Amino acid sequence: MTFKNQVLNCVNTLICHRLNDDESAETVASWVGTKKVFDVTAQIDIKEHDAGMGTVRINKEFIIHPDSIKQELLAGEAFYITKVGKFRWDKVKIKFM
């Protein structure tokens, strides 16, 4: 087990500012976890204006996507994630004194 894994296994609250490294953003997103989502597809017949067949399946996606960590956080913003009690997360604005 790496030192990084040992630290993340002991952490229950994380404040994550913008990360530019793919691996670091992926690590944080994996630590936060995934949620179940429905993927819906449809086949559309343009000539008949009909949606004949389709599928619905359950899939998983990141709660906070690595791209959100790398691209969406502005200066002074961070993701606040806590696993203490009930799991919660939010994008927060950091106030400077």
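Do we find that VAL56 is among the hydrophobic types (A, V, I, L, M, F, W, C) and farther than 27 Å from LEU8 by Cβ in this structure? Quick ask: steps written out before the conclusion?
Numbers: among the hydrophobic types (A, V, I, L, M, F, W, C): yes; farther than 27 Å from LEU8 by Cβ: yes.
So VAL56 fits the description; yes.
With respect to VAL32, is the statement that it is of a type outside the set (Ser, Thr, Tyr) and either surrounded by 10 or more Cβ atoms within 10 Å (Cβ to Cβ) or touching a Pro at 6+ places or on another chain (Cβ under 7 Å) (or both) true? Spell out the reasoning first.
Working: of a type outside the set (Ser, Thr, Tyr): yes; either surrounded by 10 or more Cβ atoms within 10 Å (Cβ to Cβ) or touching a Pro at 6+ places or on another chain (Cβ under 7 Å) (or both): yes.
Yes, satisfied.
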Q) With respect to LYS93, is the statement that it is within 17 Å of THR13 (Cα to Cα) and loosely packed, with under 10 Cβ neighbours inside 10 Å true? A) yes
Q) Taking segment 61-88 on its own, how many of its residues are closer than 15 Å to VAL11 by Cα, small (Gly, Ala, Ser) and modelled with pLDDT of 95 or more? A) 0
Q) Which is of a type outside the set (Asp, Glu) and not in a helix (DSSP H, G or I), of ASN20, ASN5? A) ASN20
Q. Any idea which of (1) more than 21 Å from ARG18 (Cβ to Cβ); (2) in contact with a His (Cβ under 8 Å, 6 or more places away or on another chain) is the one GLY52 doesn't satisfy?
A. (2)
**Q.** The one condition in (1) modelled with pLDDT under 95; (2) touching a strand residue (DSSP E or B) at 6+ places or on another chain (Cβ under 7 Å); (3) surrounded by 11 or more Cβ atoms within 10 Å (Cβ to Cβ) that THR41 fails to fulfil
**A.** (3)
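The values are calculated or read from the model by the stated rules, or taken from the named source; none is laboratory data. Here the structure is a predicted model, which is why all the values come from computation and not from measurement. Using ideal geometry, Cβ is built from the backbone for each residue, glycine included, and neighbour counts are taken over all protein chains shown.
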